[in-house]
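Below is one structure; the comments refer to it alone.
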Amino acid sequence: MKSPYTGKEMKVVYEPRTWSFRGEEYTYIHTAYECEDSGELFTTSESDDAGFLQVTNQYRIRYGIPFTDEIIAVRKRYGVSAAKMSAILGIGTNQWRLYESGEVPSVSNGRMIRSIMNPSVFLDLVESMRQQLTDKEYANISGRAKQEIAKADDYQIEAYECRRVFSTVRGADNGYSSTSLLKLKTIMVMVLKECGEVFCTKMNKLLFYIDFLSYRERGFAMTGLCYRAIDFGPVPDRWDRVYSEFDEIRQEPRPIGEYEGNVLVTDAEVDDSCLSDDDKQIITAVCNHFGNCTSREISAISHKEPAWQKYCTTHARIPFSEAFNIKAL
């Protein structure tokens, strides 16, 4: 970002601050741009949004309030409009639409939204307002809810598979990212399409940089993974399970000097419909920056990161607040 006074590029400044949200104080990392001549600090709408998300993510976790993507997903699951969902829950006409745009629900509304993720609860609500729906509306909405109830076993299997791969639920440890097997697979396939075959060691570092850059720029990570600082650099928890989970991604042996290692390869086409444009830009930026690095080179780069240096002796999880200390990007 250029200074409005001098036209020179300004340096990025990260500093911890507190933000009062709904009567409570939350700590977050504030991003600003400093004009070296005037000393004045400037922000952008993107940096302000990222700071706000750091705060509201903590609030949502504290009070069990669903995240924006979860709110959008539950409505689509039942195939109803935002206005109709507002009516079913008995909230303001445009309230659900505001929640899908990022407004944080009240604690009571948030918990009610979480409760209707159970299709049996949602069906009870639909039944309670039967007289306010047309016959067609009632048949469509109740029918969809009953279909979701019938899928209970499928959801239990999906939840079990997620628990095998992801070492924690959504929260601070994974940068407030959703735990989606589809999204994780899509990210890795996209990386392999952009970088070609990649040794597991390099993939560990690429995913680390994708997640931590995403958190720094937007206030939330992308893959749903947590990371530990081990001797060979930052790695995702359960990385061996991650790389063997998807049929579309194979491990093949390759020689490394006198040794042999495993590379990840794929023949799958990229269906990136589950990724946002911002997701894709971050993945591409990381792949462009490190695409030509060998596993040894990117490992050496990661060893210079405070995010690894602070925690490598204990092999502890790396907190996402370290995203603001990343040097390589």
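The values are calculated or read from the model by the stated rules, or taken from the named source; none is laboratory data. Values in this document were obtained by computation on a predicted structure and should not be read as measured data. Methodologically, a virtual Cβ is constructed for each residue, glycine included, from the backbone with ideal geometry; neighbour enumeration extends over all protein chains shown. Remember, those area values only see protein heavy atoms, side chains included, never the ligands or the DNA or RNA. Shrake-Rupley method; radii C 1.70, N 1.55, O 1.52, S 1.80 Å.
Quick notes
- With the biggest extent put first, the Cα atoms of the range 208-251 measure 31, 27, 12 Å across the principal axes.
- For Arg254, nonlocal amide neighbours, meaning residues 5 or more places apart or on other chains whose placed amide H falls under 5 Å from its own, are Gly261, Asn262, Val263.
- Largest mean-square fluctuation among Asp267, Asp37, Asp173, in a Gaussian network model of the chain whose springs join Cα atoms under 10 Å apart, belongs to Asp37.
- Per the Debye calculation on the range 83-152 with a single equal scatterer at every Cα and no solvent contribution, log₁₀ I(q)/I(0) for q = 0.13, 0.17, 0.18, 0.29 Å⁻¹ amounts to -0.38, -0.64, -0.72, -1.31.
- Share of carbon and sulfur in the accessible heavy-atom surface of the range 192-247 [1.4 Å probe, %]: 45 percent
- Computed over neighbours whose Cβ is under 9 Å from that of Ile65, the net charge equals +4, Lys and Arg +1, Asp and Glu -1.
- Over the range 110-202, the pair-distance histogram of Cα-Cα distances with 10 Å bins from zero comes to 13, 28, 28, 18, 10, 3, 0 percent, rounded to whole numbers.
- Put simply, the range 195-329 fits an ellipsoid with semi-axes of 22, 20, 14 Å; these come from the alpha carbon gyration tensor as the roots of five times its eigenvalues, largest first.
- The alpha carbons of the chain stretch over 72, 56, 36 Å along the principal axes, in descending order.
- For the range 18-126, the spread of Cα positions along the three principal axes, ordered from largest to smallest, is 62, 24, 20 Å.
- Inter-part distance where the range 1-72 and the range 142-167 are each reduced to a Cα centre, Å: 36 Å
- Computed over every Cα-Cα pair of the range 261-312 and binned at 10 Å starting from 0, the pair-distance distribution P(r) comes out as 18, 36, 36, 10 percent.
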